[in-house]
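K.L.:
I have a structure here, written as structure tokens, and I will follow up with some questions on it.
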Amino acid sequence: MKPRDQLFLLSPQFPDPRAGTGLYHCPECVQVEGLLASYPFLRGVLEVAYVDFPRPRAAIVPLVGTENQGCPVLVLASAAPAGVAVRHHHATGRDFVSGYPEISAYLAAVHRIPAAHP
């Protein structure tokens, strides 16, 4: 089976004692969840993993480093196609995109979902 790009999202609700009492959600992760709901075939071509809010995020750090463990983040299984904007982590050799706008643009370019309206 061909390795799949790995999409890391924060769990849908999490506590953050620094922000106060109660539960929170990550707005950008929810936006990416909207893409997954609108284009369900993406769940078949991506490996989607949910991580807990506290850092360090053990599933992400070995792939793209401590400095890039924010969510959402999409870690590519192989080198990015030519002409597709990605970031590169030199220590691990992995290409990745992070944040909703960048992930949306990558998915539009590579998996042919409609582009986000400007």
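K.L.:
How many residues, within the range 36-73, are without any contact (Cβ under 8 Å) to a residue 24 or more places away in the chain, in a loop (DSSP other than H, G, I, E, B) and more than 19 Å from Tyr106 (Cα to Cα)?
P.N.:
Total meeting the criteria: 4.
K.L.:
Name the residues in the range 77-93 that are of a type in the set (Lys, Arg) and over 14 Å from Tyr106 (Cα atoms), would you?
P.N.:
Selection gives nothing.
K.L.:
Name the one entry in Pro81, Pro118 that is exposed (fewer than 11 other Cβ atoms within 10 Å of the Cβ) and either out of contact with any Asp or Glu (no Cβ under 6 Å at 6 or more places or on another chain) or among the polar types (S, T, N, Q) (or both).
P.N.:
One residue alone meets the criteria, Pro118.
K.L.:
Scan Gln6, Gln13 and give me the residue that is at pLDDT 95 or above, within 12 Å of the chain's Cα centre (by Cα), within 20 Å of Ala59 (Cβ to Cβ) and of a type in the set (S, T, N, Q).
P.N.:
Selected residue: Gln6, the only one of Gln6, Gln13 that is at pLDDT 95 or above, within 12 Å of the chain's Cα centre (by Cα), within 20 Å of Ala59 (Cβ to Cβ) and of a type in the set (S, T, N, Q).
K.L.:
Taking the condition of being assigned to a helix (DSSP H, G or I) and in contact (Cβ under 8 Å) with a residue 24 or more places away in the chain, how many residues in the range 103-118 meet it?
P.N.:
Residues in the range 103-118 being assigned to a helix (DSSP H, G or I) and in contact (Cβ under 8 Å) with a residue 24 or more places away in the chain: 7 in total.
K.L.:
What is the one condition in (1) at pLDDT 95 or above; (2) under 24 Å from Lys2 (Cβ atoms) that Ala85 does not satisfy?
P.N.:
Of everything listed in (1) at pLDDT 95 or above; (2) under 24 Å from Lys2 (Cβ atoms), Ala85 misses just condition (1).
The values are calculated or read from the model by the stated rules, or taken from the named source; none is laboratory data. The shown structure was predicted, so the numbers you read here are calculated from the model rather than taken from an experiment. No Cβ is skipped: glycine too gets one built from the backbone with ideal geometry, and neighbour counts run over all protein chains shown.
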